[in-house]
Each structure stands twice: as structure tokens, then as C-alpha cells.
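Asks: Take a look at the following structure, please.
A short reminder: the numbers here are calculations on the coordinates, not readings from a lab. Just so it is clear, the structure is predicted and the values come from calculations on it, not from any experiment. In this analysis, Cβ positions are derived from the backbone assuming ideal geometry, glycine residues included, and neighbour counts consider all displayed protein chains.
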Amino acid sequence: MLRTINEAMEYIEEKKNERKKKLQDLNIYVCIGTGCAAKGSIKVYEALKEILKENNIKVNLQALEESENRVKRTGCCGRCSSGPWVIVMPYGYFYSEVKPEDVREIYKETILKGKPVEKLLFTDPATSEKVLNLEEAKFFQAQSFYIMEEIGKCECDSIDDYMGRGGYLSFLKVLQEENPEKVIQVIKDSGLRGRGGAGFPTGLKWEITKNSKGDKKFVVCNGDEGDPGAFMNRTLLERDPHAVLEGMLIGAYTIGAQKGYAYIRAEYPVAVDMFRKAIEDARKLGLLGENILGTSFSFDIEIKEGAGAFVCGEETALLASIEGKRGVPRPRPPYPAQAGLWGYPTLINNVETYANIPKIIRDGAENYRKRGVSNSPGTKMFSVTGPVKLTGIIEVEFGTTLRQIIYDICGGLHEGYEFKAVQIGGPSGACLSEAFLDLPLDYDSLKSAGAMVGSGGIVVLSKRTCMVEVARFFLDFTKRESCGKCIPCREGLMQAYHILEKFTQGKGSWEDLENLEFLAELIKKASACGLGQTAPNPILSTLKLFRDEYIAHIEGICPSGMCTAFKKYVINPQFCKGCGLCARFCPQGAIYGERGKAYVIDQEKCVKCGACFDKCKFKAIEIK
């Protein structure tokens, strides 16, 4: 255990020297993030350790003691769909889609001879060519790594490796200087804004919490991340848990907190395990607990696993959940900074916000502001999904445009797909048309366009997508996740959803269009919390930019052909053999006829399920 600040600084310096040397030696990094683990990376990790242990390998004519320890666990690099990833240092060979049976070839060619295994090298979709190193792929070249630095070359579960990268030096600096006001000023000067969605100035929140009176104070990390398709927080907690922990420690010292809680959803077991180990390792070294490093500062952290309620991403609902109550938002003011957990002042920030803090303290506010734009400095992690060539987690500077993300980083859309829109900001975000492709992504620019950064989810939509169905899909999610406390959200979202259902079922009217717009505006203004206030965004943005699609649905057409209610399944008598197979598999009994003669579909009974289309062996069923 480290007993003093000076002792801790010496220890970190020692680890920095060790890591510098280690990067020149043979080390194999295997991604064990959720995406890669789901595709078998743990088996690859174990297979690599086993083969090194069995063969007691020699590298550069020197026997490696405990050679299996040369296999390291690293976190997500952002391209989960191409995992499992293996990176072999010092060569930097970047292998994708590695299977346990590939391990022997990696051993023979790379570990023993230093040569790459060509077939395992990552194929860059932008050029269709193999790349030796991660940095050579366009997907990574076009990004701006800051909190995801040392991607693929850091050990996610090692406090020594984090210290070797300069980790915890910022916390030691804060402890040594004993000047919380200076810390707050640096954060304020940096312009850091909360990465949880609202973009509130972080330094100002810290200042308010510090100045609030209370016998106790708490620090809370919001790692709930309930947006479908968004996994930035999970990625950070899995690949660099100590960065988040150090940010919380700095925040706790600055505001005078004695206790912290990390609220992480239970659906993130790898992230929970990683953060729990980070806490235990920090406690063993004396960075958590009573009188940390011989100072008067005492602080400890506990993990609270969320049960998966989307509304618990709202800070007051999250605090209620930590208290053991039902996760329901409460009116504000008072804000958590004034009266949070059990009525005491509470600092609550997002995972990504805390991860920025140590780097800002280390590098200074001026250096941080070199990235991004004046009103939104720094970088932001986004998750990109949809029919683009490269999906996954990216990190870019604020001010980067949607066009740069979709075409430069993600390689554009797949062949046969044409761009139509993006849905940005999670299920409560807005849909933006092609006219907004060159809009800079920052808090204020997106707000002026009726959208928001939110947690950072970007869903790319093609012309095959019905925008009315998109609005219905996201509203289906938010209405189910409503806590039900306030009438505008509970009842309003349900009624708006029913209207959208009518449109997608071909039953929408002009009156429905008018009522939908009225309801959306009412819910936005009258709801009690952020969930209800932002839930109508998909409706309002599609009504504004894609109103013609709503009108087309009223007139009996779904322009994209996505809404099945507008499809008509008919049997072409020229091709029908009268086998009756379609009738046997029709769940509604909508198909009738005599064997040997052409069958007929009753359009009144048909629910457009397509079962008949799938079963017909003679291609007699047509969609009109």
C-alpha cells in the first residue's frame, strides 16, 4: 500500500518506465470487450496463454519468464463487428475475426518469426486492402482519439498499466496543491460540458455542488446508458475504468465528498466487473479509503447496478434508485447539486465526462480547448449504426460534420442504399435530412436544428426507410419506458403512438395529422422530466422535414414501401398450381380455393404477414 503522495509519485514513475520498456517487448493484446467476448475472444485469450505456456518460447534469444503473462486483456477499439481483435506488439500487427484455431498460426509465424499472418490482417473496407497496423485503416485515421488514446495497446484490468500511462498523477497533483477552487477554475476554463446529453457546463456544476451546504456530500457516476444502440459508456468502462475512477476521485476531493456511487446497468456485466476490479485495486494501493495517502481526505466508492429502466438515466430518477426507491423523476429545483442523495448535495456526471477530467488537469485547459469548437471544446464518442460500411464506436472532435462521419470514417452506405436521414441523440433525438449533412456536430448547432447530441447515438437511415415508421418505432420505446408519473408523458405518448400506428396501418387522416402535431408540442412543454420533454422529438422532426411522407400515408401510399399495411399480396393464376400450401400456412385463413385450381387471397382478412409469399414454391404470390 502507498502511504504518501511522494511515494505514490515514485511508484507511478516506476510504472511509466516499465511500460515504456514493455512496449518494445513481445506482448499480445486481446480485446475482451462485450462485442469481442460475444464472438469468442475469451477463448482466443486463453488459447494464446496456453500455447505460450506449453512451448516456453524464446524471443530475441532470451527466454521469457512466465511467457503466458505476455498475453494482455485490452478493451474495445470501436469496430466490434470485426472482432475478436488481436494486436501483437512491438510489430503492431492488427488481426481481426481471430478464432481459437488461428492461435497456432499466430504462434508459428508472428511470435516465433515476427511475420504477419496475412489472412488474419484487418481488411480496410475503404480500400479493400489488408493493413498491418490499426493506424493504417481509414476508419481509425479519420478519428481524433483523446479519451480513447492508446487504443488497443493498454491493459483494461491493470492499475499498473494505467499508472504507466500517467494515470492518477492528476489526482495526486490535486491532493498536493490542496486548492479545490483552482480545479474548478481549470474545468470551467476548459469549457467541458456534460456528456450525458444536456451539455451543462461541468465546472459550473462542480462549483454549485462545492458551495452547497451539507453535512455530507456525494459523487455519482451515471453509467446507465439506456439508449438503444448506444454503448459509449460501456466501452469506456470496459477499456479504461481507472480513468473514470480517477475523474470521480478528483471530483470528490474538489467538492468535499466522502462517498461515491457508480450507477451501471446490470446488462453491462463486463463493465461492472472491470470497474469493481478497478475499485479494489485502487483501494489496495491506498487510493481509496480513510486518509488517502496520509492526507485528511477520505473517500470510497460503491457500485449500484441498475435494473434497466431507461428513465433512470434522468439524474433524479437515478438518485431515487440508489436510495432503494422506485426510479421516478422529481421536480427541480432543488437540483441534485443542492439536494441530491438523501437530501445532501450530490455531484452527478456521466462516465465520459469523468474520463475527461484527469486529462484536462494533466494537460491544462488551453490544451484541451485546441480540440473541438469554442462553444463545445474537446471530443465526443458516438456510436454509429445503420446501412453504412463501418459501424461501431468512434471518437471525433466537436465540429465534425455528419458527412465526415458517414462518408470519411464509416465509408459511406452499402451498395444499393441511398442516404435519406440520420436519427441523432438516442430515442428522444431528432431526424435530420440530407440538408444537414454539413452541419457541425456540437451542442448549440444541433440545438438550432431541433436536434441534440444526447448520449451520442447516430442511426443512419436509407431511402428504404419510412420516416413515419421511424417515429412510431422510437415512440414505442419511450412510451414503454415512461415512469407514468405525469399525465402528459404517460397518456400523451400513448395517444401519439396510437395515431402513428394508424398512419403505418394505412388508416391515418388529416385530423390525425393535426392532432399528432398538437399532442407532440403539448407533451414537450408539459412533461415533468427530460424523458417526456424530449420524447416527441422524432415526431416533430419528421413532421418538419418529412411531412410529405405523412401526407402520402393519408393518401394510401408508403413511399419507401416499408409499411406492410400498404402492401397487397395477390396470387397470379398463371403460376398457381393449386397445391394449397399457401392456404395451409396462412394464420388468418385468408386464402381459399380448390386443389388443382388457382387460389385467391381475401384482402379483408389478410394481415400482410408474408407467410404465403415465403412458402409458395412456384412464385405465384406477388406483392403489389
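Asks: Please work out how much length the chain gains when fully extended from S298 to S448, using 0.36 nm per residue of separation minus the C-alpha to C-alpha distance, in nm with one decimal. Kindly include the intermediate steps, with their values, before the conclusion.
Replies: Values: separation 150, 0.36 × 150 = 54.00 nm, distance 4.39 nm.
Here the answer is 49.6 nm.
Asks: Okay, helix-only estimate at 222 nm for the chain: each DSSP H run of n ≥ 4 adds -39500 (n - 2.57), divide by all residues, round to 500 deg cm²/dmol; what do you get?
Replies: Details: 23 runs with 230 residues, N = 624.
Calculated from helices alone, the mean residue ellipticity at 222 nm is -11000 deg cm²/dmol.
Asks: Something else: Put a dot 7 Å past each Cα toward the Cβ at E135 and N69; how far apart are the dots in nm?
Replies: 2.9
Asks: Please state the shape class of the range 181-227: rounded when a/c is under 1.5, otherwise prolate if a/b exceeds b/c and oblate if not, all from the C-alpha gyration tensor. Working shown, then result.
Replies: Working: a/c = 2.64, a/b = 1.20, b/c = 2.20.
The shape class here is oblate.
Asks: Relative contact order (percent) for the range 24-141, with alpha-carbon contacts under 8 angstrom and 6 or more residues of separation? Please report the intermediate quantities before stating the final value.
Replies: Numbers: 198 pairs, mean separation 32.5, N = 118.
About 28 percent, as a whole number.
Asks: Sort out for me the Cα centre separation of the range 335-395 from the range 564-624, rounded to whole Å.
Replies: So the separation of the two Cα centres works out to 55 Å.
Asks: How tilted is helix 202-211 with respect to the longest principal axis of the chain? Cα atoms for both, answer in degrees (0 to 90, nearest 10).
Replies: For 202-211 against the chain, the angle is about 60 degrees.
Asks: Short version: what are the Cα gyration tensor semi-axes of the range 84-226, square root of 5 times each eigenvalue, largest first, in whole Å?
Replies: Values: eigenvalues 368, 66, 40 Å².
Its equivalent ellipsoid spans semi-axes of 43, 18, 14 Å.
Asks: Right, here's the next one. Give me the extension gain from C579 to E555: residue separation times 0.36 nm, minus the current Cα-Cα distance, reported in nm with one decimal. Display every interim value, and only then the final one.
Replies: Values: separation 24, 0.36 × 24 = 8.64 nm, distance 3.66 nm.
Gain in length upon complete extension: 5.0 nm.
Asks: Label points 7 Å out from Cα along the Cβ direction at E366 and N179: separation in nm?
Replies: Taking the two extended label points, one gets 1.5 nm.
Asks: Tell me which residues come under 5 Å, amide H to amide H, from Q338 once H is placed; ignore anything under 5 positions away on its chain.
Replies: T346
Asks: Then there's this: Using the structure shown, select from K216/K524; K380/K524; K216/K284; K216/K380 the pairs with a Cα to Cα distance greater than 30 angstrom. Spell out each step's value before the answer.
Replies: On the way: K216/K524 35 Å; K380/K524 26 Å; K216/K284 25 Å; K216/K380 33 Å.
Going by Cα-Cα distance, K216/K524; K216/K380 fall outside the 30 Å limit.
Asks: Moving on. Could you list the GluC sites (Glu not before Pro) in the range 340-422 that lie in coil according to DSSP, counting only those with at most 13 other Cβ atoms within 10 Å of their Cβ? Before the final figure, lay out each step's value.
Replies: Numbers: sites: E352, E366, E395, E397, E415, E418; in loops: E415, E418.
Those that pass, being in a loop and sparsely packed, are E415, E418.
Asks: Please identify every one of the trypsin sites (Lys or Arg not before Pro) in the range 516-580 that sits in a loop by DSSP and has no more than 15 other beta carbons within 10 Å of its own beta carbon.
Replies: Values: sites: K524, K525, K544, R547, K567, K568, K577; in loops: K567, K568, K577.
Taking the range 516-580 and a limit of 15 other Cβ atoms within 10 Å, the loop trypsin sites (Lys or Arg not before Pro) found are K568, K577.
Asks: Among the DSSP beta bridges whose two residues both lie in the range 24-141, what percent are antiparallel, rounded to the nearest 5? Let's see the in-between values first.
Replies: Values: 12 of 16 bridges.
Beta bridges within the range 24-141, antiparallel portion: roughly 75 percent.
Asks: Report the local net charge at E181: Lys and Arg +1, Asp and Glu -1, summed over other residues whose C-beta lies under 10 Å from its C-beta. The partial results should precede the final answer.
Replies: Working: positive: K182, K210; negative: E207.
With Lys, Arg at +1 and Asp, Glu at -1, the net is +1.
Asks: Just to confirm the filter: which GluC sites (Glu not before Pro) across the range 574-624 are DSSP coil and have at most 11 other Cβ within 10 angstrom of their Cβ? Display every interim value, and only then the final one.
Replies: Numbers: sites: E594, E604, E622; in loops: E594, E604.
Those satisfying the criteria are E594, E604.
Asks: Counting only DSSP beta bridges with both residues in the range 385-513, what percent are antiparallel, rounded to the nearest 5? Mind showing how you got there, number by number?
Replies: Details: 11 of 12 bridges.
The answer is about 90 percent antiparallel.
Asks: For all pairs of alpha-carbon atoms in the range 497-598, what percent lies in each bin of width 10 Å, listed from the first bin to the last filled one?
Replies: 13, 32, 21, 16, 12, 5, 0
Asks: Any idea what angle helix 510-526 forms with the longest principal axis of the chain, computed on alpha-carbon atoms, 0 to 90 degrees, nearest 10?
Replies: That works out to roughly 20 degrees.
Asks: Restricting the count to DSSP beta bridges whose residues both fall in the chain, what percent are antiparallel, rounded to a multiple of 5?
Replies: Working: 38 of 63 bridges.
The answer is about 60 percent antiparallel.
Asks: Could you put M9, M274, M494 in order, starting from the residue whose Cβ has the fewest other Cβ atoms within 10 Å? Intermediate values should be presented prior to the final figure.
Replies: Values: M9 17, M274 27, M494 13.
So the residues, fewest neighbours to most, are M494, M9, M274.
Asks: Rounded, prolate or oblate: which one fits the range 159-368, using the alpha carbon gyration tensor with axes a ≥ b ≥ c (rounded when a/c is under 1.5, else prolate when a/b beats b/c, else oblate)?
Replies: Numbers: a/c = 1.39, a/b = 1.17, b/c = 1.18.
Rounded, because the longest to shortest axis ratio a/c is under 1.5.
Asks: Describe numerically, in nm with one decimal, the distance between label points set 7 Å from Cα along Cα→Cβ at R326 and at R595.
Replies: Once both label points are built, they end up 5.8 nm from each other.
Asks: On to the next question. Counting Lys +1, Arg +1, Asp -1, Glu -1, what net charge surrounds C77 among other residues with beta carbon under 15 Å of its beta carbon? Provide the component values of the computation, followed by the final result.
Replies: Values: positive: K39, K72, R73, R79, K138, K153, R234, R239; negative: E97, D124, E135, E136, E149, E150, E155, E238, D240, E395.
Surrounding charge for C77 is -2.
Asks: Which net charge results for the neighbourhood of K420, defined as the other residues with beta-carbon distances under 11 angstrom from its beta-carbon, given Lys and Arg at +1 and Asp and Glu at -1? Don't jump to the answer; show the numbers that get you there.
Replies: Values: positive: K463, R464; negative: E418, E434, E549.
With Lys, Arg at +1 and Asp, Glu at -1, the neighbours total -1.
Asks: Okay, next question. When a/c is below 1.5 the answer is rounded, else prolate if a/b is larger than b/c, else oblate, so apply that to the range 155-239 with a ≥ b ≥ c taken from the square roots of the Cα gyration tensor eigenvalues. Can you show the working numbers first?
Replies: Details: a/c = 1.89, a/b = 1.15, b/c = 1.65.
Cα axes put the range 155-239 in the oblate bin.
Asks: With everything on Cα atoms, drop me the angle between helix 467-481 and the longest principal axis of the chain, reported from 0 to 90° to the nearest 10.
Replies: Helix 467-481 sits at roughly 60 degrees to that axis.
Asks: I'm spelling it out carefully: the read-out is volume of the Cα convex hull per residue in Å³, the candidates are (1) 228; (2) 158; (3) 172, and one was derived from this structure. Which label?
Replies: Structure-derived value, by its label: (3).
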